[in-house]
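Inspection log for the structure reproduced underneath, given as structure tokens.
Quick note: the coordinates plus some simple rules give every number you see, no bench work behind them. What you see is a predicted model, and the numbers here were worked out from it, not measured in a lab. With ideal geometry, Cβ positions are generated from the backbone for all residues, glycine too; neighbour counts draw on all protein chains shown.
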Amino acid sequence: MPFCANCGAQVEGRFCQKCGAPVAAGAPMGGAPMGAGAPGGAAAPIQPQTASAGLSDNAAGAICYLFGFITGILFLVLAPYNQSRNVRFNAFQSIFLNIAWFVLWIAVAIVSAVLIHIPFLGPVVSFLLWGCLSIGALVIWLYMMFKTYNGEKIVLPIIGPMAEKQAGA
């Protein structure tokens, strides 16, 4: 039985069922795929190759935060990236973070609608609330992209454990 040159899985037919790569007609038959070049002249198993044209897990994880839940959902659907636990974790955390931001925006809008009726102090407090929420969202967004791109796993309070559970990380 031939093996996929891309992921190393056993293949029946012309395409790999695991990664979808086409299988060459002259693929090796029999046991596990073997490669030359191991010390002592012995053949060593070939390690599955990663996609050279694709993004690294760090870059894909950082891009999950770029457009919020849109890129989070996109990376949960795209085939090579949805198989990485790190990318899935960042995608779920990005989705949950954007839902939390949306809920906070609604809460601040309701509080601002009440505060606006208080003369002078109400609009000032409302303006400060919106400013703090906006700057905080920008800082967290940039921080998450930067740290994820540099290979650090940041688990946010409350939503981080939920993302880990969903991603199976």
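Under the rule of at least 5 residues apart or a separate chain, name every residue whose amide H is placed under 5 Å from the amide H of PHE15.
VAL23
For a quick protection proxy, order the peptides 122-134, 58-70, 140-152 by their average other-Cβ count within 10 Å, most packed first. Can you show the working numbers first?
On the way: 122-134: 13.6, 58-70: 19.8, 140-152: 15.2.
Per-residue mean Cβ counts within 10 Å order the peptides as 58-70, 140-152, 122-134.
By a straight-distance test (C-alpha under 29 Å), which lysines pair with LYS18 as possible cross-link partners, with residues fewer than eight away in the same chain excluded?
Reachable lysines: LYS153, LYS165.
Which of the chymotrypsin sites (Phe, Trp or Tyr not before Pro) across segment 94-123 are loop residues per DSSP, with 13 or fewer other Cβ within 10 Å?
Answer by residue number: PHE120.
Is the shape of segment 57-167 rounded, prolate or oblate, going by the alpha carbon gyration tensor and its root eigenvalues a ≥ b ≥ c, with a/c under 1.5 for rounded and a/b larger than b/c for prolate?
Prolate.
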